[in-house]
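Here, each number is a calculation from the coordinates, and none is a lab measurement. It should be emphasised that the depicted structure is a prediction, and the values quoted were computed from it without experimental measurement. Neighbour counts are summed over all protein chains in view; Cβ atoms, including those assigned to glycine, are modelled from backbone coordinates with ideal geometry.
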Amino acid sequence: MAVTIPSDAAPPPGRTSLAFPARRPGLTLAAAAGVLVVGTTLLVLLLDRKAPGILTGAVVEALAHPATAPLILKAGVLGWLAEGWGLGEPWLGLASISLSLFTIVAVFMGLFALTSIVERKVLARIQNRYGPNRAGLWGLLQPVADGIKMLTKEDIVPAGGDRWMHLLAPVMLAVPAFLVLALLPYGPGMTVVELGVGILFFFALGASAEVAVFMAGWSSNNKYSLLGAMRAIAQMISYEMPLLLAALAVVMLAGTLSPTLMVEAQAGHAFGFVPQWFVFTPWGLVGFVLFFIAALAESNRSPFDLPEGESELVAGHMTEYSGFRYAVFFLAEYIGLFGICGFAVALFLGGWHAPLPVLDFIPGYLWFFLKLYGLVLLAIWIRGTMPRVRIDQLLAFSWLFLIPTGFCVLAGAALWHFTGGGWLGWLVVTPVVTAPYFLLLPRLQSAEANALRTYRFSEE
Amino acid sequence: MITLQLVLLVSSALFCLGLAIVLLRRNAIIMLIGIEVMLAAANLNFIAFWRYGAEPGSLTGVVFALFSIAVAAAEAAVGLALILLVYRHFRTIDPGRLPVAHD
Amino acid sequence: MNLTRAAPWPAGTAPFADPGETELLELSLGPQHPSTHGVFRMNALLDGETVVRLQPVFGYLHRNHEQLAERMSYLASMPFTDRLDYFCSLTNNWAYALTVEKLAGLEVPERAEYLRVILAELTRLQNHTVFLGFLLGDMGAWGSVLMYGFRQRDAVLDLFEALTGSRMMCDYLRFGGCRCDLPPGWAAAARLVVDSYPGFLDEMEQLLTENEILRARTMGIGGVEAKRLVNAGVSGPLLRAAGLSHDLRKVDRYGIYDRFSFRIPLGEKGDVYDRLMIRLLEMRESLNILDSALRDLPEGPVINPQAKLRNFRPPAGEAYGRIESPKGELGFYLISDQSPQPYRYRVRPPSLINLTLLEEMCVGAKIADVMVILGSIDIVLGEVDR
Amino acid sequence: MRKLKQLPGVGLLKGMLVTGRNFFGSYRNPRRLVTVSYPEQRLLLPESSRNFPFLVYDGNDSVEGLRCVACKTCERECPSGAIRIVQARDENGRPAKHPERFEIGIDACMGCQICAEVCPFDAIKMDSDYEHAATGRTRPMVHNKLRLAKSNTYYHRIKPREAAEVDARLEMERFRKEEARRKREEAARMKKEAAAKAAAAKPEAPENS
Amino acid sequence: MNLTASGLLFFAFAVLTLGAGTAVALVREPVRAALVGALCFVGVGLLYLWLGAEFLGFIQWLVYVGAVAVLIVFVILLTRREDAGGETEGGRFAGLRVLGGLGVALALFGALAAAVLGSGSLYREVPEEPMVLEIAALGRELVAGAVPPLILVGVVLTVALVGGVTLALVERKPDA
């Protein structure tokens, strides 16, 4: 049997014909969907007997026009509660808040589970391999498997470390990450907590992440953790400034601090098809890139995943954590990333607005989550490509390039406002906004690093 | 319902707490925290008087509190830098044991 | 005006007394550290992030290879040479076989010489490919480049398995030639793999050479001036990256390398970026050699008929044979006293000798650079500890 | 010093392009995927791949048909000393031409096929079967004669080209041995005839003298 | 006084803040004291929220918890030396010092409380509807009404921070 290597680069000689264990994906999916639909209808009908007509009416109406489906469903349930159970005022208010909070947490936990599997699958496909496909269909039950593994692992607190701080640190990191989700403008009128100062609340909670990381690093009583914690804090503080500056530009232009009003400020379409999002303005584009880079750094994602630079410091401040509390760190990182990407969408990518007027039939909240997940996928793609930045380059990059660019974006936004936008705006603002890119960045690296290296060959 | 008296009581208690921290602790850094607590108590008063004041429209109290937070932060930064220098020079941050006071 | 360099205070104007020694941090990296290439430990003394002193500690993988070889027949220690530098078993075999042939004065038939050149160059290709992957892995590129390298290297390993029976532990060369002839279709398959390599190299260059983060992480670190390299006896790509033209294939002209026309790439500064680029260019040169070698591979016997397989007793005497292995100058020194076992068996490991300069390269660099510098030297612990 | 001719950041985008192409490439052309879902899908090993040795036996009786004559060459030549042979003794104590016990410790054996190379009787060959997981570290790791013996047809199935060559060589040797024996008998017979003729010629000579 | 929900909330926040404050005084370990101090600042922020000044509450969190607490903790780490530096609990006048400190604090609190309770005229009915600070109004007030102080605070902040950094800069011995 001669050696048969097909023409393509490198796959192994051949594969036996044994089919992958016989699982018919179509059937399993259809079965799951069927069970879901039948179950909910039965549940609704069962509950409906308490206060006839309200729930079924709400469900039918929600299906009729999906754009505001969540609001209709919520009103329906509240009506059902008031009617069926005769609840007084304080309880109804409580029920409505807890309904919205519960849906938000459920949606984002689902997103977290999905992302933990999608990240590994996308990274695998980038590297030309399958990625987890053993647990469940196409590996979809992998998060469940990870969860069980995390829960069953022993949860050790290092001796000599500060016990209470060690227990509290992951909570201190996860709680602010979840609180931020309540501010995101998912759809018109669908923001869970209408705060006049939404953006400031987001930054205030972001700031507490540093304290939590320090507590984790300090209480693990381990040299690696302390070094990792120091790096993480230095990185977070120096990348909070560009985040703040980029958001400030949007606050200036939208004239408000609340994310909902900012998204409304981006409504409408110029020339019929170009949406009025801030990202389509010169200062907005640079501001968005700035915001996204700072967001990657703030949630310790590659190429800024220095704190757990495993090639040097094992797992940074998370070295001494195991079992459930390591899962909480993992959860906090992802929810933090969703929160920041959500704000990037709200600030620059026009929250729930559809890119083209013709696409308006798709409900607003779907657009919000599509854009959010687009940014998350971009972050995963970057993670699969770029090597890690060294700590001093990271800090120099922020203080010597990102923050000056932030100030230029602020100036650009002001100029955009005074020139009234349009061609004149583009003409005036673009040089101002891209000045640091051309002037500062080349000088950031030592001159020798910019030079093109030439390689001679010895003649023999 | 909470009257102005109660809020003022809480803020003065907080102020005395800050003073106690400064007097009791022998570690310069914790004393600095005590000073910050005293400043925060003062701000609390400003906001209380704005909230229970005659016409809520005039925001001088709030603006004053805002500036005092900014100044307090600047003061903390300089204070910590000084503490660092004292530590480097005298190898201790216990104000009691600094030779400056006696000779 | 370089913005990132902190300008020190002009003399005497510092606003305070001598700051006193800041606390130095003693950190031990390894031996089971995620990114050292095998069991290798470094005791680093850190001032903040910068390395003040670095002491490599190795010996964890010492298997007493040379003592074993003195109590076994010449043939029996051939499979153990596979396990010296377990990424390039065929070049290890060739160095050992070359030395024994020099000792016993055996002639190697034409076809065997061609086979040896082809297999050595294929080994160099797959070693440098996997080096790229590990270096990027050390820099935190999450294994993407490593997987591309492994995918391409698998094709070469499949060729080795088809010919010698095992992917990495080939044990294929014998004193006076090769163990067995090519299976049918092997040369054609090798031609396919060689033709697919330039595409892979272009893809890697597009991913690496202009990548700003990579340039920032590798340029200017780990460089040592050429005179120090020569004094320390460093050989291989590290030497050529610093601009010194020393390649045994051109110096000794062993085997039939004088029949092939290939060039030796030389770098300028000898830092990690140059070492990376030198290996990329060396791969392209190896492809040229492979093209011409595969084209005029002659027919004929694969082993010298007089070579005896069992109780082979070379005449008394000593011999030192060396070849250009992917890591540097790999040498074998044998003393025979006409008994079936060698009297003295010594290996010159290029990885170990290149490693002696690690501290000099790392002092002053950041802790994150230490991993990258160690990766750029491309050591294999099997060869370092023997 | 020629400046790098492109804008900063473009190098990173080119890198992203490469990974992007690989991502979509892996869906477009599944052959690019390197990994295989073992154990359901397996890689086809090339013919000459080797893992652990096995003893060849002709015919179908795995004890009688063993080619091995217990000459212990492989035991001496094995670099890691993994083979242990005990020669059988026939009824009156003389060493017989087959092994009573032939054990290989597959934890010590590194699959270097030197035993197959030096064996003068082609009795031991290399198998490419790699699934030898066992529950114990000592006893189960030592494969005895029964477990090592595999038929010549099995040898033909896993390594057809090599097995055919070996059979041809054995055939040639048998033929040559046959030839030599016949020639020896021929010579012996010729000598007997000559002796008989000489004997016959001697009785005539005495009569006519 | 009948306790409404918001009253309950006020007492909770007050207890949290005062509790954290006393904890700062009592906890031995400086790092823990700093973190409990951060908790006290969070409590003060909550009180601002309860009083309706949301903007100030979040500014308080951002400035104190985000920046000052971390700075304090860093400085504590930089000045940790096992032998010196820490508390010297003993000392000849320890008991006297503690009593003196507490005495002064309590005396001050008594005086303040008497002043607050004595001022009957200030006893006013609290406006029932929850009042929220109007951001736009605050913004206009800051930019229109108080421009000189705004710029002055900016200057003070810059000077203070740059001064702090230069003081604390460790001069790198050029090539030791």
Which order results if C:Lys327, D:Lys145 are arranged by neighbouring Cβ count within 10 Å, fewest first?
-> D:Lys145, C:Lys327
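Between the DSSP loop rule and a limit of at most 16 other Cβ atoms within 10 Å, which GluC sites (Glu not before Pro) in segment D:123-209 are left? Show your work: numbers first, answer last.
Values: sites: D:Glu131, D:Glu162, D:Glu165, D:Glu171, D:Glu173, D:Glu178, D:Glu179, D:Glu185, D:Glu186, D:Glu193, D:Glu204, D:Glu207; in loops: D:Glu131.
Sites meeting the loop and neighbour criteria: D:Glu131.
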Which of the DSSP-defined H helices in chain C satisfy a minimum axial length of 30 Å, computed from C-alpha atoms, and a minimum mean Kyte-Doolittle hydropathy of -0.5?
-> C:110-138, C:186-208, C:272-295
The answer for C:Arg348, listing residues at least 5 apart or on another chain whose modeled amide H is closer than 5 Å to its amide H, is C:Gly331, C:Phe332, C:Tyr333
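Taking loop as defined by DSSP and a crowding limit of 14 other beta carbons within 10 Å, which GluC sites (Glu not before Pro) in segment D:45-106 fit?
Details: sites: D:Glu47, D:Glu64, D:Glu75, D:Glu77, D:Glu91, D:Glu100, D:Glu103; in loops: D:Glu47, D:Glu64, D:Glu91.
Those that pass, being in a loop and sparsely packed, are D:Glu64, D:Glu91.
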With DSSP loop assignment and no more than 12 other C-beta atoms within 10 Å, the GluC sites (Glu not before Pro) in segment C:164-264 are C:Glu225
Charge sum, other residues only, whose C-beta stays under 15 Å from A:Trp218's C-beta, Lys/Arg counted +1 and Asp/Glu -1 | +1
Based on the Cβ-Cβ distance from C:Arg310 to A:Ser458, what FRET efficiency comes out when R0 is 45 Å, to the nearest 0.05?
-> 0.50
Over 29 Å (Cα to Cα) among C:Lys250/D:Lys159; A:Lys121/C:Lys269; D:Lys125/D:Lys177; A:Lys149/A:Lys371 -> C:Lys250/D:Lys159; A:Lys121/C:Lys269; A:Lys149/A:Lys371
Which of the aspartates and glutamates could a cross-linker span from C:Lys308 if the Cα-Cα distance has to be under 16 Å and same-chain partners fewer than 8 positions apart are dropped?
-> C:Glu101, C:Glu107, D:Glu77, D:Glu117
So which lysines can A:Lys50 reach, going by Cα to Cα under 27 Å and dropping same-chain residues fewer than 8 places off?
-> A:Lys74
For C:Ser28, other-chain or 5+-apart residues with amide H closer than 5 Å (H placed, Pro excluded) are C:Ala44
Distance between Cα centroids, segment A:372-413 to segment E:37-55: provide it in whole Å.
-> 32
Ranked list, fewest to most other Cβ atoms within 10 Å of each Cβ, for A:Phe324, A:Phe214 = A:Phe324, A:Phe214
Averaging sequence separations of C-alpha pairs under 8 Å and six or more residues apart, then dividing by the length of segment E:9-82, give the relative contact order as a whole percent.
-> 30
Calculated from DSSP H runs of 4 or more alone, at -39500 (n - 2.57) each and per residue, what is the 222 nm mean residue ellipticity of chain C, nearest 500?
-> -14000 deg cm²/dmol
Give, as a single signed number, the net charge of other residues whose beta carbon lies under 13 Å from the beta carbon of D:Glu193, with Lys and Arg counted +1 and Asp and Glu -1.
-> +2
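With an 8 Å Cα cut-off and a minimum separation of 6 or more residues, compute the relative contact order for chain A in percent.
On the way: 600 pairs, mean separation 73.3, N = 460.
Here the relative contact order equals 16 percent.
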Using the number of other C-beta atoms within 10 angstrom as an exposure proxy, rank C:Met204, C:Met361 with the fewest first.
-> C:Met204, C:Met361
Relative contact order computed over segment C:65-385 (Cα-Cα under 8 Å; 6+ residues apart), in percent | 28
